Amino acid sequence: MDFCLRNMQTPQSSRILLLILRLSVNGMRNQKNGKTLNGALFDLLRQKILTGVLLPGRKLKVAELAAEHSVSLNVVREALNRLAGEQLVEIEPQCGFAVRGLSADDLADLVHQRIIFEGIALRQSIGRGSLEWQSHVVAAHHRLSRTPMSRPEDKGKVNPDWMARHEEFNFVMMQACGSPRLEQIVRQLAEAAAMYHRALLPAVGHASELEAEHTELLNAILAGDADKAVRVLVAHLEQTRDMMLPVLLAAQPTESPTSTPRPHAGFGHSPVKRPVARMASTKRRKERYAAA
C-alpha cells in the first residue's frame, strides 16, 4: 500500500486516483438510486393495486410504466416480480404482467384460509391481550362505526376511508396474537380480500348487517369469550363471501362444454368451473353464533 501511495505522488497519477474515486462514488450512488427507485415504484404500484386504482385484470405493460414513472425497464420488471411474489400481480406466459384477477374459486379459497388463520390469531389475541389492547380494539371499532360505507356523492363505490377503517379494525384484533409470522399471514390474506371488497361490496351493499356483526365481534372480544368471537368472525367472513359470490358468478360467460375459456368480464380471470358456496340467510348465521 505504501508503495502504491508513493507512486501516486506525480500530478498525472493523482488525477488518475481522483478519477478512480469519482467512478467508485458514482457507481455506489447509481446502485443506491436504483434500489431506491425500485422500492419507491414497488410501494406505489402496490398501493394502487390495494386501493383499486389499478383494477383486477389490468394489464401492466413494462414500457408504459417505465415511461410514466421515468425509470428503466429493469426497475419496472423487478418491482412487478416482487408484486408477483406477494400474489398481487400475475405473470402471464407470453403476455407479460397483469393485476391479479378475481374469481369465485379464488374467493372461496381465500375466505377458507382467512377462517383458519384469523381464527387462530383472534383466539390467541384474546388469550394474551391486555386491557391496553382491548382499548385499541374499541378505538378501531369506534372509528369504523363512525365512517359511512359509501359517500353521498358516490353511493356506487365503497368509501376508501371505510375500507381503511375496516382493515385497521381487522388488524388490531389480531395484534396481540404474539406471532409476527402469523400477523404477516393474516395481513397478506386481508389485503388480498380487500381487492374483492373494493370491486364487489359496492355492488351489493349490506352496511347495516356488517356493522351489526362488527359490534357483536367487539362485544365477544371484550367479554373474553374466544369461542364466540371466533364463531362471529367465521360467520362474518362467510356472509361477506356470500354477498360477493353472486356478482362473480353472474359475470361468468355462458360457454359450451367444448368452447375455449374466456376471462371474466371486468374481473380479468378465468371463468368459474362450478359454484363454490351456497347462499345462506343472515338469520340462520346470526342464530348459529348467537347461541353461546
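Amide H contacts of Ala98: Leu60, Glu90, Glu92, each under 5 Å away and 5 or more positions distant or on a separate chain (H built 1.01 Å from N in the peptide plane; Pro and chain starts excluded).
I'd like the FRET efficiency for Gln47 and Arg146, computed as 1/(1 + (r/R0)^6) with the beta carbon distance as r and R0 of 30 Å, rounded to 0.05. Approximately 0.75, to the nearest 0.05. Near Gly129, no amide H atom lies under 5 Å from its own; only residues 5 or more places off or on other chains count, and H is placed 1.01 Å from N. What fraction, in whole percent, of alpha-carbon pairs in region 79-174 exceed 22 Å separation? Every Cα pair in region 79-174 considered, those over 22 Å come to 54 percent. Derived scalar couplings between HN and Hα for region 129-142 equal x, 9, 4, 5, 4, 4, 5, 5, 5, 4, 5, 5, 5, 4 Hz in order, rounded to whole Hz, by the Karplus curve 6.51 cos²θ - 1.76 cosθ + 1.60 (θ = phi - 60°), x for Gly and Pro. The length gained by stretching the chain between Ser179 and Ala63 to full extension, at 0.36 nm per residue less their Cα-Cα distance, is 37.7 nm.
Placing a pseudo-label 7 Å from each Cα along the Cα-to-Cβ vector at Ala250 and Asn74 gives an inter-label distance of 4.9 nm.
Here, each number is a calculation from the coordinates, and none is a lab measurement. Since this is a predicted model, take the numbers as computed values, not measurements. In this analysis, Cβ positions are derived from the backbone assuming ideal geometry, glycine residues included, and neighbour counts consider all displayed protein chains.
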